[in-house]
1. For SER10, what residues show an amide H to amide H distance below 5 Å, using hydrogens built from the backbone and excluding near sequence neighbours?
2. Tell me, what HN-Hα J-couplings in whole Hz come from the Karplus equation 6.51 cos²θ - 1.76 cosθ + 1.60 at θ = phi - 60° for each residue of region 27-38, using x for Gly and Pro?
3. Could you list, in their original order, any pairs among LYS13/LYS57; LYS13/LYS52; LYS2/LYS65 whose Cα atoms are separated by more than 27 Å?
4. State, to one decimal in nm, how far the label point of TYR27 lies from the label point of LYS57, with both points 7 Å from Cα in the Cβ direction.
5. Shape verdict for region 1-66, please, from the Cα gyration tensor: rounded (a/c under 1.5), prolate (a/b greater than b/c) or oblate.
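Laboratory data are not the source of any read-out in this text; all were calculated from the coordinates shown. It should be emphasised that the depicted structure is a prediction, and the values quoted were computed from it without experimental measurement. Cβ: placed from backbone, ideal geometry, glycine included. Neighbour counts: every protein chain shown.
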Amino acid sequence: MKPNYRRCISCRKVAPKEAFWRIVKLYPSDQVQLDTGMGRSAYLCPEASCLKTAQKKNRLGRSLKAAVPPELYSTLGQRLPLIAQSDHPPATPTQ
């Protein structure tokens, strides 16, 4: 089966949707949250540059057609180091 492709709202890179963070505006409450829920979605690369650009230019707010709380950006910022660490396995000491 073909993978589902999505586009980053910041850098416009196209990749399988598993490669992105998903931000959702829930229907009908219009709450904005991460990862789960049904409603309007936006996708963002898990990179500091994309997060910074999206926040500076309000790209999430415009694509979701809703106000994005600052706490959401701080939560995404906290996820950045976790992804950087998971991409690089711990180094094993050599003798």
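1. Answer set, sorted by chain and number: CYS45.
2. Values, residue by residue: 10, x, 6, 6, 6, 9, 8, 9, 6, 10, x, 10 Hz.
3. The answer is LYS2/LYS65.
4. That separation, rounded to one decimal, is 2.7 nm.
5. oblate
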